[in-house]
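One structure below.
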Amino acid sequence: MSTPHVLLGLLVDGPKHGYDLKRAHDLKLPRAKPVAFGQVYATLGRLVRDGLVVPAGQDRDAGPDRTSYELTEEGRKALKEWIAAVEAPMPHLSSVLLAKVVVALLVGDVNQAREYLAAQRAAHTTRLRELTGVKTDPDASLSDVIAADFGIAHLDADLRWLQTTLDRVADLHREVTTR
Amino acid sequence: MSYLSARGLVRSYGRTPALRGVNLDVEEGEIVAVTGPSGCGKSTLLHCLAGILRPDAGEVTYRGRRIDTLSEGARAALRRTEFGVLFQFGQLVAELTAAENVALPLLLAGTGRREARTAALSWLDRLGVADFADQRPGEMSGGQQQRCAVARALVTEPRVLFCDEPTGALDSLAGEQVLGHLVRLAREQRTTVVLVTHDVQVAAYGDREIMLRDGAADPTGLGTVAAQQ
């Protein structure tokens with residue numbers, strides 16, 4: 001995920017401090033990894049350097065000085081381009097799963113591959129059940145539901161692959177043990 | 001002893017074995033998903049548990065009582081009073097309105113016409129399809145029809161609801177609405193649910209999953225002994 005662009009997006013409806021941005025980020029993307037304060041400030045620094053945001057005043061109300069930031073025209077343009085750009089259709093997460101199975105088969109350990117696949121399938125199923133719970137909670141907001149849907153669809157794809165691979169590896173196992 | 005259990009269930013169709021010794025336990029109020037690939041025996045298992053089919057061998061017990069040895073009439077009575085069954089589609093009577101369809105099981109059980117209609121309207125309302133009470137199935141979408149079917153399965157307030165791919169014929173949003181209602185109402189009523197599905201997203205509505213593989217339970221997910229030999 002592109003944190004700079006998400007922060008630009010969060011500034012569209014008006015200037016915000018780093019603290020407000022962190023809170024808005026975690027609220028709008030509740031299933032994403034929370035963003036660290038340090039990352040927010042470092043990212044804002046780079047956005048200022050690149051001319052995409054500018055400082056928009058100081059706020060002394062609550063404790064120390066806090067600088068708020070606002071979007072520039074360049075920033076709006078960069079945000080629009082980022083939203084329009086189609087991402088490479090590449091499953092990022094599954095590549096780790098794939099690598100483990102391929103490596104287990106490379107070292108000739110069919111049993112370890114099967115045990116890993118079954119354990120991973122169980123972990124995926126548990127997570128799928130949790131996200132289904134999030135989605136069906138009567139208090140779930142629209143962003144909760146669509147974030148859960150996103151996770152569910154990806155887990156579903158992984159689960160199909162895990163099950164098919166289990167079947168294929170079971171065939172291989174049968175072949176090896178009956179030879 | 002579990003609320004509903006199966007021990008060593010065996011069932012064949014001619015010379016083709018569908019169940020090869022299934023053991024299963026379901027507790028009261030649980031929502032259990034039975035999953036597995038096509039032909040693994042999950043529908044046959046559901047039919048045996050619901051008393052629709054008789055196993056060739058093994059036992060089915062419900063609340064401490066064997067039900068596989070009951071007569072056809074006694075099993076039919078059980079299905080009318082204690083069990084509800086929900087299939088993929090095609091369960092509503094085309095000539096009857098939604099309210100008449102939902103009232104049907106109550107009328108068959110001897111409930112008065114007015115009381116049955118009141119109950120039917122209340123269940124249609126709980127499933128968000130009260131506006132269709134006087135429409136016939138042909139005038140409703142697949143999702144609306146299936147919500148009526150859920151209302152009809154629950155109108156007798158069964159203790160156990162058996163569902164076989166209940167959203168298999170619906171698109172994902174309509175399916176989600178049907179499942180959302182079904183699971184919410186089952187939890188409110190403390191209805192035990194056995195949900196057969198090949199779809200992992202549907203299975204995730206359950207409290208836990210029982211995987212079937214080649215006619216037997218597969219607790220490790222590694223494939224059964226039969227599959228490994």
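We did not get these values from a lab; they are worked out from the coordinates using the rules stated. These numbers were taken from a predicted model, which means no experiment stands behind them. Glycine gets a Cβ as well: all are built from the backbone with ideal geometry, and neighbour counts include every protein chain shown.
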Over chain A: Rg over Rh, Cα atoms, Kirkwood Rh: 1.14
Translational diffusion of the stretch B:37-182, µm² s⁻¹ [Kirkwood Rh, Cα pairs; Stokes-Einstein; 25 °C; 0.890 mPa s]: 153
Residues B:Trp123, A:Trp161, sorted so that the one with the fewest Cβ neighbours within 10 Å comes first: A:Trp161, B:Trp123
Residue-by-residue Karplus 3J(HN,Hα) for the stretch B:185-195, coefficients 6.51, -1.76, 1.60, Hz, glycine and proline x: 5, 4, 5, 4, 8, 6, 7, 7, 10, 10, 10
Overall form of the stretch A:3-84 per C-alpha gyration tensor (a/c, 1.5; a/b vs b/c): oblate
Dipole of the stretch B:130-171, positive direction: furthest Cα of B:Ala153, B:Ala130, B:Thr167, with charges on the beta-carbon: B:Ala153
16 Å cut-off, amide nitrogen to a point 7 angstrom out along B:Ala57 Cα→Cβ, residues in the stretch B:1-45: B:7-23
FRET efficiency, 1/(1 + (r/R0)^6) with R0 30 Å, evaluated for A:Arg160 and A:Lys28 via beta carbons: 0.50
Degrees separating the helix B:142-154 axis from the principal Cα axis of chain B, which is the longest one: 80
Pair A:Tyr19, B:Ser38: separation of 7 Å Cα→Cβ label points (nm): 6.0
10 Å Cβ neighbours from other chains, averaged over peptide A:159-168: 2
Relative contact order (%) - the stretch B:46-161, alpha-carbon pairs under 8 angstrom, separation at least six: 30
Magnitude of the charge dipole, the stretch A:94-178, Cβ model with Lys/Arg +1 and Asp/Glu -1, debye to 20: 240
Whole-angstrom gap from the stretch B:160-183 to the stretch B:59-131, using each part's C-alpha centre: 17
Cα-based shape type of the stretch A:94-178, given that a ≥ b ≥ c are square roots of the gyration tensor eigenvalues and the cut on a/c is 1.5: prolate
Separation of the A:Glu70 and A:Gln112 label points, Cα + 7 Å toward Cβ, nm: 6.0
Residues A:Gln58 and B:Ala130, FRET efficiency given R0 of 45 Å [Cβ-Cβ distance, rounded to 0.05]: 0.20
Mean shadow area of the protein assembly as shown over all directions, Cα convex hull, nm²: 27.9
Sites B:Asp25 and A:Thr3 - FRET efficiency at Förster radius 56 Å, r taken between beta-carbons, to 0.05: 0.70
Sequence-distant residues sharing a close amide H with A:Tyr69 (under 5 Å, placed H): A:Lys16, A:His17, A:Ala56
Listed residue pairs exceeding 24 Å between alpha carbons, taken from A:Lys28/A:Lys135; A:Lys28/A:Lys77; A:Lys22/A:Lys80; A:Lys100/A:Lys135: A:Lys100/A:Lys135
Two-site label geometry, B:Asp171 and B:Arg114: point separation in nm, points 7 Å out along Cα→Cβ: 4.3
